[in-house]
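To keep things clear, I will list the structure first and then write my remarks on it.
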Amino acid sequence: MQPKHILDGYRVLDITQHIAGPTVTRLMAEMGAEVIKVEMLPYGDPTRLGEFRRDKRSGLNVQHNRGKKSICLDVKSAKGKQILKELVKEVDVVLENFAPGVVGRLGLDWDTVKSLNPKVIMCSISAFGQTGPLAHLPGFDYIAQAYAGVTDMIGDPDGAPSIPQLALGDVGTGVHATCAIGYALLHRERTGEGQHLDISLLDCYFHSHEANVELYSGTQGKVVPRRGGSHHYSIVPAGVFRAKEGYILIIANMERHWNNLCGAIGNKALVTEERFTNPKIRMRAGEEIIAIIEQWLQAQESDAAAIAILQEAHVPVAPVLSVGEAIAHPHLIERGTVRTITDRVLGDFQIPGNPLRYSAFPESLPLDAPFLGEHNKEVLTGILSYSEDDVAAMEKDGVLRQTTY
C-alpha cells in the first residue's frame, strides 16, 4: 500500500506549546505522521489566544497545529499522568518543550520514558538546553537570541540592538529538531535503539553565525563583527538601498557581480577605479559606493524598472516586500510558499506553505487544525483501552475537556 507521505505510519506524542515544539510536529504532520497533541487544562496551547480570532478560534493556533489530534488533559492529576505514560508506550516519538525538569515532575523524565518504551525517540526543546549553568532559567526566542550574540548583530551601528518581528529562533530550532528526530529514527531502524535528543534555541541561534565566530576567534579579536544597519559591515555593496519609490536590496560581493553592477548603472569605469578595485578596498569607500548606487536608483523610471535592469545584468537584487506584497507575489503563490487554507471556523486565509518538498510526495495533505480536546474519545478508545463511558466520566470529573474552538 502506497504511504500517504514520507512519515506515514509514525506516531508522535506532542507535549508542546507556543511555536518551537509545535513547529516540529507541524512539519511531521505535513509529512504524514500521526500527531497526538496533549493540551493542558483548562485552555490548552496559549496560541489559542492569538490576536486573529473568530468565535474563539485562533488563526495562530490553526497555522501551527493543522493535522494534529488534540486531547485536553489534566496532566497534573494521577489519572492524567497515567494516560501520558500509557501513550508513551504507543508512540515512536515523544516531544516536549518545557523548561528542564517540568516533564520529570509529570512523570516523564527520560529514564522513565525509556523504561516504558525502549525504542522511543524523546526530543526535549528548551531555551538553553538540558545541561549547563543557564539550563534552569526560563527563556523564549529573543532571550536565547540575546545570549547567542545574534541580537547584537541587528540594528543600526550607532543605535540600540533590534529584534526581528518573526520567530526565527523558534522556527529554526523546530527545523533543527525535526532533522535530529529524522536521523534518530533512521538510527533506530538500523539498531532498534531509542534515544534522547537535547535541542536548544541558544545552540541553534549560535549555529546561525555564518562567519562572525571564526572571524573574531581566528583574528584573536582584531576583527569584531558589528551591526551594519541597512548595509553589511564587511561587504560592499550588500544592503538595502533607497530607490525612487521604496527600498531595494542589492548584493554584489563577487567580482563578476560588481562588474555587472557597474555596467548596469552605466558606470563601468568604477571597475578600474583605484579606490574600488577589490572588496577590501571597497569596504573603505562604502559610503561613496552607496551614494552612487542610490543616485542611479532614484534616477530610474520606477523601482520595477531599476530591478529589471539589474536582473538583466545578473546582479543579485530584490525588492524589499511587505508581508502583504510577499503574500501576493506570483512566485510564492505558484510554489505554494504562500498557501490558502480553509478552516472550519475561520474560513479561507493564507499561511506559510511547507518548505520541505519531496518528489515522491508532491501534493500537500488535506489537514485540519483540531478543536481543543476534539480527539479525546478517538485517542483514548482507539489507541488506549478506555471505553466511551470512561472518557465521558473523565470529562465529567475534569480530567478531560473538549470545546468547539
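The values are calculated or read from the model by the stated rules, or taken from the named source; none is laboratory data. In this text the structure is predicted, and so the values were computed from the model without any measurement. Cβ: placed from backbone, ideal geometry, glycine included. Neighbour counts: every protein chain shown. For accessibility, only protein heavy atoms count, side chains too; no ligands or nucleic acids. Shrake-Rupley method; radii C 1.70, N 1.55, O 1.52, S 1.80 Å.
Val38 - would you say it is in a strand (DSSP E or B) and at pLDDT 95 or above?
Judged against the criteria, Val38 is a match.
Please determine, by comparing only the residues of the range 103-131 that are in a helix (DSSP H, G or I) and open to solvent by less than 60 Å² (accessible area, probe 1.4 Å), which one is farthest from Leu168 (Cα to Cα). Spell out the reasoning first.
As a first pass, look at the range 103-131 and keep what is in a helix (DSSP H, G or I): 103-105, 110-116.
Now drop any that are not open to solvent by less than 60 Å² (accessible area, probe 1.4 Å), which leaves 103-104, 110, 112-113, 116.
Details: Val103: 25, Gly104: 28, Trp110: 28, Thr112: 33, Val113: 30, Leu116: 35 Å.
Among those residues, the one meeting the criterion is Leu116.
Quick one: in the range 132-173, which of the residues that are farther than 19 Å from Asp203 by Cβ and among the polar types (S, T, N, Q) is least open to solvent (accessible area, probe 1.4 Å)?
Once the filter is applied, the top-ranked residue is Ser162.
Conditions tested, residue by residue: (1) in a helix (DSSP H, G or I); (2) touching a Lys or Arg at 6+ places or on another chain (Cβ under 8 Å); (3) over 26 Å from Val391 (Cβ atoms); (4) free of Cβ contacts under 8 Å to residues at least 12 places away in the same chain.
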position: Ile6; (1), (2), (3), (4): no, no, yes, no
position: Leu13; (1), (2), (3), (4): no, no, no, no
position: Arg26; (1), (2), (3), (4): yes, yes, yes, no
position: Pro42; (1), (2), (3), (4): no, yes, no, no
position: Val62; (1), (2), (3), (4): yes, no, no, no
position: Lys85; (1), (2), (3), (4): yes, no, no, no
position: Glu90; (1), (2), (3), (4): no, yes, no, no
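Where residues in the range 64-83 are in contact with a His (Cβ under 9 Å, 6 or more places away or on another chain) and under 16 Å from Val391 (Cβ atoms), which of them is most open to solvent (accessible area, probe 1.4 Å)? Before you say what the answer is, go through the steps one by one.
Residues of the range 64-83 that are in contact with a His (Cβ under 9 Å, 6 or more places away or on another chain), as a first pass: 64, 68-71.
Restricting the remaining residues to those that are under 16 Å from Val391 (Cβ atoms) gives 69-71.
Details: Lys69: 48, Ser70: 0, Ile71: 0 Å².
Step by step, filter the range 64-83, then rank; the result is Lys69.
When you go through (1) closer than 17 Å to Ser230 by Cβ; (2) surrounded by fewer than 17 Cβ atoms within 10 Å (Cβ to Cβ); (3) out of contact with any Lys or Arg (no Cβ under 8 Å at 6 or more places or on another chain); (4) not β-branched (Val, Ile, Thr) one by one for Ala304, which number turns out not to apply?
For Ala304, the exception is condition (1).
Which residue out of Ala328, Ala305 is at pLDDT 95 or above and within 29 Å of His64 (Cα to Cα)?
Going through Ala328, Ala305 in turn, just one is at pLDDT 95 or above and within 29 Å of His64 (Cα to Cα): Ala328.
Does the range 174-183 hold any residues that are surrounded by fewer than 20 Cβ atoms within 10 Å (Cβ to Cβ) and either touching a Cys at 6+ places or on another chain (Cβ under 8 Å) or of a type outside the set (A, V, I, L, M) (or both), and which are they?
Passing the criteria: Cys179, Ala180, Gly182, Tyr183.
Looking at Pro366, Pro355, can you tell me which residue is exposed (fewer than 15 other Cβ atoms within 10 Å of the Cβ) and closer than 30 Å to Ile250 by Cβ?
Within the list Pro366, Pro355, the selection yields Pro355.
Residues of the range 64-83 being touching a strand residue (DSSP E or B) at 6+ places or on another chain (Cβ under 6 Å) and assigned to a loop (DSSP other than H, G, I, E, B), which ones?
Val75, the sole residue that qualifies.
If a residue must be in contact (Cβ under 8 Å) with a residue 40 or more places away in the chain, open to solvent by less than 80 Å² (accessible area, probe 1.4 Å) and closer than 22 Å to Tyr147 by Cβ, how many such residues does the range 214-231 contain?
Final tally of qualifying residues: 3.
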